[in-house]
């Protein structure tokens, strides 16, 4: 179980707080508690809630049961540029880590930055196809099901961090996938995409990781 105050945080019992529990039969339950004065805030923060029992009729009756606040929103041209720039800027960090045999440094930048920016791009792409009326879930948990088998295979290569060689091969695959998808998305949205930057960074990767990519 995790409860308010377990991590040296002072619990705020005047507002909603959670008790998170995993039972021995395998069931997981998050028990959220809030005072009567917090009901309006609870309803606003949890629009997908469904009322199962309310014998005293304390809860609002106009819940919309809509996940609209979780829909992926369309990026601006600047947001797209930032995503691309961050991906290509951090890619050489992975190269540096591999050259120095700093596996944790390399894997952190590959997984926590490069892959996350690729996921952001894929989120936009999938959501755009649905008219930006799509909830891809916490940590993109529904994204995988929307990807083609080819894209899934490419991402699985990028997720293989089991050795320096695999990290290098995965980085190359992430680069190729990001470049391909960014070009497609930019064309569809009418955005500018810096192809020279993408090409230059990919050349840098191949030049500096040639020994691992044999």
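The values are calculated or read from the model by the stated rules, or taken from the named source; none is laboratory data. Model, not experiment: these values are computed from the prediction. Every residue, glycine among them, receives a Cβ derived from its backbone with ideal geometry; neighbour counts consider all protein chains shown.
Points worth noting:
- Residue in region 7-21 that is closer than 30 Å to residue 120 by Cβ, surrounded by fewer than 12 Cβ atoms within 10 Å (Cβ to Cβ) and at pLDDT below 80 present: yes
- Only residues that are assigned by TED's automatic domain parsing to the domain that holds residue 44 and farther than 21 Å from residue 42 by Cα were counted in region 1-27, giving 6.
- The residues listed here are 40, 3, 44, 49; of these, the one that is touching a strand residue (DSSP E or B) at 6+ places or on another chain (Cβ under 8 Å) and modelled with pLDDT under 95 is 3.
- Of the residues screened, residue 122 is one that is within 17 Å of residue 79 (Cβ to Cβ) and in contact with a helix residue (DSSP H, G or I) (Cβ under 7 Å, 6 or more places away or on another chain).
- Which numbered condition residue 108 misses (of (1) surrounded by 15 or more Cβ atoms within 10 Å (Cβ to Cβ); (2) touching a residue at least 40 places away in the same chain (Cβ under 8 Å); (3) in contact with a helix residue (DSSP H, G or I) (Cβ under 9 Å, 6 or more places away or on another chain)): (2)
- Out of 116, 129, sole residue that is in the same structural domain as residue 195 (by TED's automatic domain parsing), surrounded by 14 or more Cβ atoms within 10 Å (Cβ to Cβ) and closer than 20 Å to residue 181 by Cβ: 116
- Filter pass, residue 63 being surrounded by 14 or more Cβ atoms within 10 Å (Cβ to Cβ) and modelled with pLDDT under 80: yes
- Any hit, region 50-72, residues being in contact with a helix residue (DSSP H, G or I) (Cβ under 9 Å, 6 or more places away or on another chain), farther than 28 Å from residue 1 by Cα and touching a residue at least 60 places away in the same chain (Cβ under 8 Å): yes
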